[in-house]
Amino acid sequence: MESPLNGGLPQDEPPPLPRDRLSGLQKGNSVCSRSYFVVVMVFVHVYIVNVIALLLYVYYSNGPLGGDTSTTTTTTTTSSSSTNGVPDIPTPTHRGQDTDYRHLPRLEGIKVGHKQKIELLPNKFQQMETLSLKPLLFEIPNFLTKEECKLLIHLAQLKGLQASQILPVDGYKEAMESLEISKTDIFNLLDHNQDGQLELKEVLTHSRLGNGRWMTPENIREVYTAVKADPDGNGVLSLDEFKKLNLRDFHKYLGNREITMNDLVRNSQHTWLYQGEGAHRVLRSIRQRVIKLTRLPPDVVENSEPLQVVRYNKGGHYHAHMDSGPVFPETACTHTKLLNNETAAFETSCRYVTVLFYLNNVTGGGETTFPVADNRTYEEMSLIQNDIDLRDTRKHCDKGNLRIKPRQGTAVFWYNYLSDGKGWVGDVDDYALHGGCLVTEGTKWIANNWINVDPNKSRQLWFQQEMARYAKDDNEIQKEWTVDKSYRDMHVDL
């Protein structure tokens, strides 16, 4: 059972009231031993501490910051009342100060195959099964009805879908050529194990960070041959061989190759559906069910990204990726950066939780793969062995540890970050690596609900406070800007 600060659900009944701990005090004069009296008082003290701990546990499990949240419950704080069911955030004494402790409830997986009943709609119980512990991953059949699935597809088609990834452009080549970095430094960055030799898998690990082209071991060998970078043909480059490599020739060769959508990291189309106040009742209902499913504070979920609806046609795929990235001192979360006006060298979407919905049954392929789920250890370089790249969802989906078949109405839900041990967001969970397998027949429709949380608690609380202030502002322009508009510039999938 998790501690109260981790938001776990109570698994055991409170300890029964001891009948004999105080019996020594009832014996009057028959008890005169000082040592016995001390022992009795210690037991009394322990009992009182247990009672206090139990009260705190109940508070954190069922209070305004955690536990189940229904759509009819209005949460209040000591500072002011809530508006539209979204709790107000107490105002920090100054910007950046963490004055309001908030924990993020985290479900327990127990073990793979564990099943538990959940109530997302009044008097309607559903079954949730643990599919993996690394990452913590659950499956909920019949989360959506057939009618709801069809409606989401229809709304997405009415709004219009756009390509999830465009073909590479010359701008990447120009950016690479303008880098003020020596070939020796580039070599050292690529040389993962620092053995002075560049193996194919070390080059592949970094070859997709720029223009989005998915490179295979065969592609790298072709390039080596074309630009004469590997004279001995062993597929390994020394530092001297790398220094002789002409980067212009490298980009020229790639630029002359015909590129199709199948050559990219992702081949799909998507759109975004607003879920805030005034949205379609089904979209609002889904968001409320996600709040109950995750047991996260309603304001955190309400201030997260809109619903993304994605279509994969035959040949569609999404190579294995992470939904979010690590947050270092030089990294900012896109959603909190919008309001904090911070500058950072890098930014990421900080998607603490992913809830994925399957909107149709796929005729062939289209599974969701978690290549390293429940591996005993994780090592990035081990993902590529003997020309088998576990991240390649067009060729090697069958070799992943876990594959989930699309079933209409089913939802899968996982955490992209670990806990920091204090009830907040910790490091990225490397085991959350996942991808969309090649659709071999028919069309695949899915939807994604991402819940954004900044690992920097102060920044997240400030963001929530500002969003609540904008939502209550009488200025309609301000209201229109909130949530949906605030995420308009961050819809870049990793």
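The values are calculated or read from the model by the stated rules, or taken from the named source; none is laboratory data. Everything quoted here is computed from the prediction, not taken from an experiment. Positions of Cβ are generated from backbone atoms using ideal geometry, with glycine treated the same way; all protein chains shown enter the neighbour counts. Side chains included, ligands, DNA and RNA excluded: accessible areas come from the protein's heavy atoms. Shrake-Rupley method; radii C 1.70, N 1.55, O 1.52, S 1.80 Å.
The lone criterion from (1) among the polar types (S, T, N, Q); (2) buried (at least 23 other Cβ atoms within 10 Å of the Cβ); (3) assigned to a strand (DSSP E or B) left unmet by Gln460 is number (3).
On inspection, Asp230 fails the criterion of being at pLDDT below 95, open to solvent by less than 30 Å² (accessible area, probe 1.4 Å) and within 30 Å of Glu119 (Cα to Cα). Give the residue that is modelled with the lowest pLDDT, with candidates limited to residues of region 297-322 that are among the charged types (D, E, K, R) and open to solvent by less than 10 Å² (accessible area, probe 1.4 Å). Filtering first and then ranking leaves Asp299. If you go through region 100-119 and keep only what is under 19 Å from Thr410 (Cα atoms), buried (at least 17 other Cβ atoms within 10 Å of the Cβ) and over 21 Å from the mean Cα position of the chain (by Cα), you end up with just Ile118.
For region 341-399, filtered to residues that are farther than 30 Å from Lys111 by Cβ and of a type in the set (A, V, I, L, M), the residue that is modelled with the highest pLDDT is Ile384.
Across region 190-208, the qualifying residues are those that are outside any loop (DSSP other than H, G, I, E, B) and closer than 16 Å to Leu245 by Cα, and the one among them that is most open to solvent (accessible area, probe 1.4 Å) is Gln197.
Could you please give the count of residues in region 145-202 that are more than 30 Å from Gly233 (Cβ to Cβ) and either modelled with pLDDT of 90 or more or among the aliphatic types (A, V, I, L, M) (or both)?
Of the residues in region 145-202, 24 are more than 30 Å from Gly233 (Cβ to Cβ) and either modelled with pLDDT of 90 or more or among the aliphatic types (A, V, I, L, M) (or both).
Hey, does region 369-376 have a residue that's touching a strand residue (DSSP E or B) at 6+ places or on another chain (Cβ under 8 Å), hydrophobic (A, V, I, L, M, F, W, C) and farther than 30 Å from Asn142 by Cα? No; the residues of region 369-376 include none that is touching a strand residue (DSSP E or B) at 6+ places or on another chain (Cβ under 8 Å), hydrophobic (A, V, I, L, M, F, W, C) and farther than 30 Å from Asn142 by Cα.
Where helices (runs of 4 or more DSSP H) sit wholly within region 209-266, those with at least 2 residues that are acidic (Asp, Glu) occupy 217-226, 239-243.
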